Structures are given as structure tokens and as C-alpha cells.
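Readers should treat all values here as calculations from the given coordinates under stated rules, not as data from a laboratory. Bear in mind the structure is a predicted one, so any value in this text is a computation, not a measurement. Neighbour counts run over all protein chains shown; Cβ positions are idealised from the backbone, glycine included.
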Amino acid sequence: MLPPEFQTDFFSLKPYALENEDKYIEIVLDEFSIQYMGGSSGIEDDERKLFKKIFQIYNRNDERWFWIWGIYKNELLCGHLELKETEHTTDTELEIVYMIHPNERRKGIMSKVLSFIKEKQQDWKKRIIATVNPKNLDSITLLEKWGIEKTEILINSETGEEFLKLILKK
């Protein structure tokens, strides 16, 4: 499903282009991203295959909500964003997934993106949730700025590790 494009004064959200692959790899192979992103292999070849899979998702026309964007500032890729239905969401929820390039962290872009998504959730008639490793304090702090309405503890069925489902305020 091809996501809609959005442009603000500070950033744009738009589908990836093939030429973004190397910058995407820098994002997903960053040590911080590997540590906290569920499903990140940390293996370059695997991550390059996943990047190519994004374009397959863009071409699908299924009923599952699955939007994947590059986050761009001044036309340069600086982050990754997904809104999707997952095994952790209900009919009225979308899960948010995001990563920021190491050189772009602590510059306020994700705060601005989250504020934008918070406004748009009303149009989509969906609540936004995040699943977060409890040790990922940077992400939890960022999401607390949005406002967390409810926290649930979930268990990864494969690893037995706990993670948090944060239901974000409308």
C-alpha cells in the first residue's frame, strides 16, 4: 500500500526511492537501532532484502494498513517511519515504528513527526500505539511527550522477553 505524502515546514514523509537504500542501511545497522528494533537482524544483506521488500509492500493492494515512509529533511533521508496493523493492534489502532539516522538524533525531528502523526490520527480514526523495549528510555521519553494513556506489558512468544505496549493519547 503506497502511503500518502505529507509536507510540513520542517520535514516531509514520502515513500522511499531506490536511491535511499544505502542511507536506510546506515539507519537500520546503527547499534542503537539494532539494540531496540524488534526484527532487526543487524546483518547488512538481510537488511538490504528488507529494504527491497518495502517496494513490494508499496505495490500490494491488500486490506491491511501498512504505510512505510522515509522521513526527509531538506530532501535528505534522515529517518524511517511505519504505521501499520500488527498482532499488537486492535481494529481501531495502528502501531508506530520509527528510527532516526544517528547523525539526525536529538535535533527534534522525531518530536515534530510525532506531533504531526498525533494530529492526523483523528483523520484516520485510529489510535496510535507503540511497542517498546522497556530499556529504550529515549523512545519512552519521546512518547511521554505525546502522552501515554495506558501501558500494557506483553511477552515476546519467541524470546520470553517483556516489552511495553503504549497506548498513546488522542
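Mean separation of Cα pairs under 8 Å and 6+ residues apart, divided by the residue count of the chain: what relative contact order is that in percent?
On the way: 266 pairs, mean separation 31.0, N = 170.
Result for the chain is 18 percent.
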Can you run phi through the Karplus equation (6.51, -1.76, 1.60; θ = phi - 60°) for the range 64-77 and list ³J(HN,Hα) in whole Hz, with x for Gly and Pro?
6, 6, 8, 9, 10, 10, x, 9, 10, 10, 6, 6, 9, 5
If I model a spin label as a point 7 Å beyond the Cα along the Cα-Cβ vector, how far apart are those points for Lys169 and Arg48 in nm?
4.5
Could you check the spin-label model distance between Phe6 and Thr141? Points 7 Å from the Cα along Cα→Cβ, value in nm.
2.4
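Can you put Ile109, Ile43, Ile129 in order of Cβ neighbours within 10 angstrom, beginning with the fewest?
Values: Ile109 19, Ile43 11, Ile129 24.
Lowest count first: Ile43, Ile109, Ile129.
Gain in length, Gln35 to Lys120, computed as 0.36 nm per residue apart minus the alpha-carbon separation, to one decimal in nm?
27.7 nm
Using the crude model of +1 on Lys and Arg Cβ and -1 on Asp and Glu Cβ, and no other charge, please compute the dipole size for the chain relative to its Cα centre, in debye to 20.
Working: 25 positive and 31 negative charges, 138 e Å.
So the magnitude is around 660 debye.
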Could you derive backbone 3J(HN,Hα) for the range 150-164 from the dihedral phi with the Karplus parameters 6.51, -1.76 and 1.60 (θ = phi - 60°), listing whole Hz in sequence and x where the residue is Gly or Pro?
8, 10, 10, 9, 10, 10, 5, 5, 7, 9, x, 7, 7, 9, 9
For every helix of n ≥ 4 consecutive DSSP H residues, a contribution of -39,500 (n - 2.57) applies; sum these over the chain, divide by its total residues, and give [θ] at 222 nm rounded to the nearest 500 deg cm²/dmol.
-10000 deg cm²/dmol
Only loop residues by DSSP count here, and only those with at most 15 other Cβ atoms within 10 Å; note down the GluC sites (Glu not before Pro) in the range 48-135 that meet that.
Glu63, Glu75, Glu87
Straight-line reach check, Lys49, cutoff 18 Å on alpha carbons, 8 or more apart in-chain or any other chain, hits among lysines -> Lys23
Of Lys14/Lys53; Lys52/Lys84; Lys125/Lys165; Lys53/Lys118; Lys53/Lys150; Lys14/Lys107, which pairs sit farther than 22 Å apart, going by alpha carbon to alpha carbon?
Lys53/Lys118; Lys53/Lys150
Restricting to aspartates and glutamates and to Cα separations under 15 Å from Lys145, and discarding same-chain partners fewer than 8 apart, the set is Glu119
